[in-house]
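Laboratory data are not the source of any read-out in this text; all were calculated from the coordinates shown. The structure presented is a predicted model; accordingly, all values stated were derived computationally and were not measured. Neighbour counts run over all protein chains shown; Cβ positions are idealised from the backbone, glycine included.
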Amino acid sequence: MVEILFGKLALPKDGVLVLPVGEELPLTGEAAMLDETLGGTLSQAMQAAEFKGKAGQSLNIYHAGPYKRVVLTGAGKEDAPRRALLLGAAIVSALGKESEAAILTHGFTSKEAAEIGLGARLRGYKFDKYRTTQKPEEKAKLKKLKLLTASPKEAETAWESAEAVAKGVEFTRDLVTEPANQLYPAEFAERLEGLKKLGVKVEVFGQKELEKLGFGTMLSVSQGSVREPRMVVMQWLGACGHGDDKKAKKPRDPLVFVGKGVTFDTGGISLKPAAGMEDMKWDMAGAGTVSGLMAALAGRKAKVDAIGLVGLVENMPSGSATRPGDVVKSYAGKTVEILNTDAEGRLVLADVLYYAQERFAPKFMVNLATLTGAIIVGLGHEYAGLFSNSDELVGKLVDSGEAVGEKLWRMPLAKEGEAYDKELDSAIADVKNIGGGRAGGSITAAQFLQRFVNGTPWAHLDIAGMAWGAKDAGVNPKGATAFGVRLLDNFARGFEG
Ligand code: BES
Ligand code: ZN
Ligand code: ZN
């Protein structure tokens, strides 16, 4: 983890110094002074290397005066979206194996300096807890970044809330990266109990409680596994006007977030092919994101009432597993004919979504799930699929995502009884868990969820293409992205007083 510190906007004595430069950000102030002290080394190097300071570019000058290394980093265009955030990420990538550095954030406000810090912290994430033979020089490199800015106090205040979001993202990435032998439903739930220290109310439901509630579709997924299922309900009641009596606190018009938490998806009896099956350790990314979001909201004491619910199961084939053709009864009372045991995420969500509505009467309900491979075919790894029954909610979510660089693309959702929906009619039960064929697979999955939504303004985010990155990109190092945490944190900001 990269520690982010702030200091006065002045040249440090020695060490590694990062200088943002760009077409609209020439070497001015302290940077110009430094260039002068160094006899024009920086400006000459920029000329010689034809360094224009485009976003993502960098130029190294070693042994420049008292500095071990000066890193000129492209500051990009002034009006580029998320310029400071992406600069922070680019700096971490440019610094490579360096362990400490200072950044002279001339040309940026102190609030932007905190944003640079956030970009750096997010990009500097590393998961190396299972490496025991790594040499020190191979270990997580960057330890400390000091941002030099006009008002360190102001930057620190902005950083308090940014760091809470960073911690939420890191919590999500840790959960998503864990292998499934380490992170199974009970262990996941236990880690969520840790959110209590942030002031989150955490309730855990086990096998017996879920049976008593009648969570028939969710339990049909976990019944083939030796790992017991869990549902975890997390409540962050931060809205004003609750009064002092903590016990009397009840959520008011809460925002409700629901996550698919399949800690491993083999497909069950409808077994997946071997190639790439290891990816299914991150089939709990929806639940991981909801968890990190709750950590972020509580960590920055957001003035909203937000409830997070996660359905945690492992989908395994065994003698006790659900068979294709089985009929089960959902918590909502509807019967479901399970024709493909690999379409399990929707079975988990059906029960949890219905429970969430009944108990919390959400103002808005948003679920996240690595639900279908088909969404990757349709949208690739640029946009998550967004399905919703509310134009208002769509507008808010798309805008919230755009602002943080987590993009959503709206997909069709039909009313009940219309074409896409009709595909789910079963010959012997109220609904079946897959559509007629492969065509429109992400849409029929969303239609299935909608059958368990009771008029609540609701959105479903299919994040199958976004939860895991094959390579470093922007603020995301290769691996778990925590897509959705910053988007929904930003969405929640729209409801704060
Ligand atoms: N977890 C998968 C979807 C998935 C695929 C996520 C690839 C991430 C990467 C989901 O449970 C699944 O298996 N869906 C099936 C549905 C089908 C059986 C109707 C799919 O997409 O093939
Ligand atoms: Zn599946
Ligand atoms: Zn799945």
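One table, with the values for the structure above:
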item	result
Span from the the stretch 170-223 Cα centroid across to the the stretch 328-398 one, whole angstrom	18 Å
Sequence-separation-based contact order of the stretch 21-126, relative, with Cα cut under 8 Å and 6+ spacing, percent	26 percent
Check: the chain dipole with +1 on Lys, Arg Cβ and -1 on Asp, Glu Cβ, in debye	880 debye
Entries in Lys167/Lys301; Lys54/Lys396; Lys212/Lys329 that, when Cα-Cα distance is taken, lie over 20 Å	Lys54/Lys396
Relative contact order for the stretch 252-316, counting Cα pairs under 8 Å that sit 6 or more residues apart, in percent	56 percent
Residues Glu178, Glu78 arranged by fewest to most Cβ contacts within 10 Å	Glu78, Glu178
P(r) histogram, all alpha-carbon pairs of the chain included - 10 Å bins from 0, percent	4, 19, 27, 22, 14, 8, 3, 1, 0
Alpha-carbon centroid distance for the pair the stretch 403-472 / the stretch 9-43, whole angstrom	52 Å
Mean separation of Cα contacts under 8 Å (6+ apart) over length of the chain, as relative contact order %	15 percent
Per DSSP, loop chymotrypsin sites (Phe, Trp or Tyr not before Pro) in the stretch 126-178 with at most 12 further Cβ within 10 Å	Tyr130
Cβ-defined net charge surrounding Ser43, 12 Å radius [Lys, Arg +1; Asp, Glu -1]	-2
Exposure proxy ranking, count of Cβ atoms within 10 Å, fewest first, for Thr132, Thr335	Thr132, Thr335
Whole-Hz ³J(HN,Hα) from phi, Karplus 6.51 cos²θ - 1.76 cosθ + 1.60, for the stretch 141-153, glycine and proline x	7, 5, 10, 9, 10, 10, 9, 8, 8, 4, 10, x, 4
